[in-house]
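In what follows, a structure is listed as structure tokens, so that the remarks can point back to it.
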Amino acid sequence: MTQATLSTPAARPLARLRDPAWYQEYGVYLAVAVVLLFNALFTEHFMTADNLRTQLVQVAPIVIVALGMALVIGTEGVDLSVGSTMAVAAALLPLYLGYGLVPALVMALLAGALVGAVNGTLVSLVGLQPIVATLALFVGGRGLALVMADGQLKQIVNPDLLSLGTGSFLGIPLVVLIAAVLAVAVAFLVQRTTFGRQVVAIGGNRSAASLAGLPVRRVLIGVYMLCGVLAALAGILATARLTASDPSSLGTLMELSAITAVVVGGTPLNGGSIRVLGTVAGALLMQLLRATLVKHDLPDSTAQIAQAAIIIAAVYVARERRSR
């Protein structure tokens with residue numbers, strides 16, 4: 001095929017389909033559409049309002065954590081401690097609910113900020129690799145949560161807190177609304193603020209950003225603190241929805257779900273770019289895929305294999321795009 005043929009309007013769509021950049025940019029949205037179309041045709045009762053509402057409620061905490069993870073990965077980092085941060089926040093709630101809802105929420109969110117500050121300090125000041133720095137709190141954070149909870153599941157009876165997990169506004173679950181508002185806020189932060197541009201610049205080339213006078217250390221600490229706060233908020237909402245604080249299991253493997261959503265959504269692991277809408281779509285894709293397999297009576301292990309295949313495909317597309 002000649003160059004002239006490739007440049008014709010009819011050939012351009014085919015050329016785009018062979019371009020890895022197109023798949024990294026739009027592939028996740030196409031995948032969501034394909035999964036929804038499949039379920040509309042072959043899965044009974046999947047496209048009902050009640051089921052779609054359930055899927056959105058279940059994916060909301062993952063979206064919230066993934067938004068923070070996207071910021072961290074945008075700096076060429078990673079945070080493995082988000083699941084443990086959720087557990088710490090959940091463990092603190094019963095301890096402070098006696099003083100009122102607001103103090104309990106503040107303490108849980110401050111704990112998330114503290115975890116993030118420790119991670120950011122280890123990465124930016126001490127110079128540890130992000131995977132090593134956050135691995136310490138991945139292990140230690142859950143242990144701390146279990147100590148605070150005496151290793152026990154504790155029921156939550158505070159009606160105001162429970163309403164965060166089960167309430168709705170104009171028929172839309174509060175957890176979904178919170179996730180949507182946060183997605184818009186993070187998108188604005190990345191695209192319209194100086195801090196967001198600094199995050200992307202640091203992820204693209206940390207040395208160059210430092211030479212240009214950007215506050216690299218302060219930005220990195222801020223990013224990890226934001227990630228910690230978002231993880232703590234997800235832990236609060238998950239606890240409210242479950243009506244119990246269970247640090248032993250809450251947030252387990254959440255770091256993998258968040259990383260998957262970010263990578264599948266098109267944010268490169270080597271930093272320098274953050275795709276907020278893609279991250280939301282990536283989380284939704286994983287949730288829909290898991291629900292689809294469950295509806296067809298396939299074991300959860302099958303969903304894990306499918307998730308692994310999607311991750312490999314996303315990383316391969318990103319690598320091919322960089323190599324061109």
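The values are calculated or read from the model by the stated rules, or taken from the named source; none is laboratory data. Everything numeric in this text was worked out from a predicted model, so none of it was measured. Neighbour counts are summed over all protein chains in view; Cβ atoms, including those assigned to glycine, are modelled from backbone coordinates with ideal geometry. Heads up: the accessible areas ignore ligands, DNA and RNA and are worked out on the full protein's heavy atoms, side chains in. Shrake-Rupley method; radii C 1.70, N 1.55, O 1.52, S 1.80 Å.
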Take THR302, THR194 and sort them by solvent-accessible surface of the protein heavy atoms, 1.4 Å probe, largest at the top. THR194, THR302
Computed helical MRE - 222 nm, the chain, DSSP H runs ≥ 4 contributing -39500 (n - 2.57), nearest 500: -24500 deg cm²/dmol
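Could you give the size of the charge dipole of the chain about its Cα centre, using +1 on the Cβ of each K and R and -1 on the Cβ of each D and E, expressed in debye and rounded to the nearest 20? Provide the component values of the computation, followed by the final result.
Working: 19 positive and 13 negative charges, 202 e Å.
For this selection, approximately 960 debye.
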Once the range 112-157 is represented by equal point scatterers at the alpha-carbon sites, with solvent omitted, what log10 I(q)/I(0) does the Debye formula produce at q = 0.23, 0.34 Å⁻¹? -0.79, -1.15
Hey, if you drop one equal point scatterer on each alpha-carbon of the range 47-321 and run the Debye formula without solvent, what base-10 log of I(q)/I(0) do you get at q = 0.10 Å⁻¹? -0.49
Enumerate the amide H contacts of ALA244 below 5 Å, restricted to partners 5 or more residues apart or on another chain; note that Pro and chain-start residues carry no placed amide H. ILE156
I'd like the distance between the alpha-carbon centres of the range 164-185 and the range 293-319, rounded to an integer number of Å. 28
If I build a Gaussian network model for the chain, linking alpha-carbon pairs within less than 10 angstrom, which residue out of ILE202, ILE274, ILE64 has the largest mean-square fluctuation? ILE202
Accessible-area value, VAL184, 1.4 Å probe, nucleic acids and ligands omitted, Å²: 100
Highest GNM mean-square fluctuation among ALA308, ALA89, ALA231, for the chain with Cα springs under 10 Å, belongs to ALA308
If you place +1 on the Cβ of every Lys and Arg, -1 on the Cβ of every Asp and Glu, and leave all else neutral, what size is the dipole of the range 174-263 about its Cα centre, to the nearest 20 Debye? 380
Could you tell me which of GLY98, LEU298, ALA234 has its Cα farthest along the dipole of the chain towards the positive end, charges placed at Cβ (Lys, Arg +1; Asp, Glu -1), taken about the Cα centre? ALA234
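At 1.4 Å probe radius, can you tell me the per residue accessible area of the chain in Å²?
That works out to 48 Å² for each residue.
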Any idea of GLU44's accessible area? Nearest 10 Å², probe 1.4 Å. 140
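Keeping the other protein chains in place, figure out the carbon and sulfur percent of the accessible area of the chain, with a 1.4 Å probe. Display every interim value, and only then the final one.
Numbers: 10400 of 15530 Å².
Of the solvent-accessible surface of the chain, carbon and sulfur hold 67 percent.
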For the range 192-324, taking Cα atoms only, what is the radius of gyration to one decimal and the Dmax to the nearest whole Å? 17.6, 56
Can you give the accessible area of ASP300 in Å² (nearest 10), computed on protein heavy atoms with a 1.4 Å probe? 80
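So how do ARG197, ARG218 rank on accessible area, 1.4 Å probe, biggest first, that is with the largest at the start? Don't skip to the answer; put the middle values down first.
Numbers: ARG197 130, ARG218 170 Å².
From most accessible down to least: ARG218, ARG197.
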Ordering THR292, THR166 from largest to smallest accessible area (1.4 angstrom probe), what's the sequence? THR166, THR292
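Count charges around SER124 for me, please; just the other residues with Cβ under 15 Å from its Cβ, Lys/Arg as +1, Asp/Glu as -1.
+1
Jot down the per residue volume, in cubic angstrom and as a whole number, of the convex hull over the alpha-carbon atoms of the range 155-233. Write down the numbers at each step before the final one.
On the way: hull volume 8.7 nm³, N = 79.
Spread over its residues, the Cα hull of the range 155-233 gives 110 Å³ apiece.
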Relative to the Cα centre, what is the charge dipole magnitude of the range 199-324, using +1 at the beta carbon of each Lys and Arg, -1 at the beta carbon of each Asp and Glu, and rounding to the nearest 20 debye? 560
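If packing is taken as the average number of other Cβ atoms within 10 Å across a peptide's residues, how do 133-141, 66-74 rank, most packed first? Please list the in-between numbers first.
Values: 133-141: 20.4, 66-74: 30.1.
Going by the mean number of other Cβ atoms within 10 Å, highest first, we get 66-74, 133-141.
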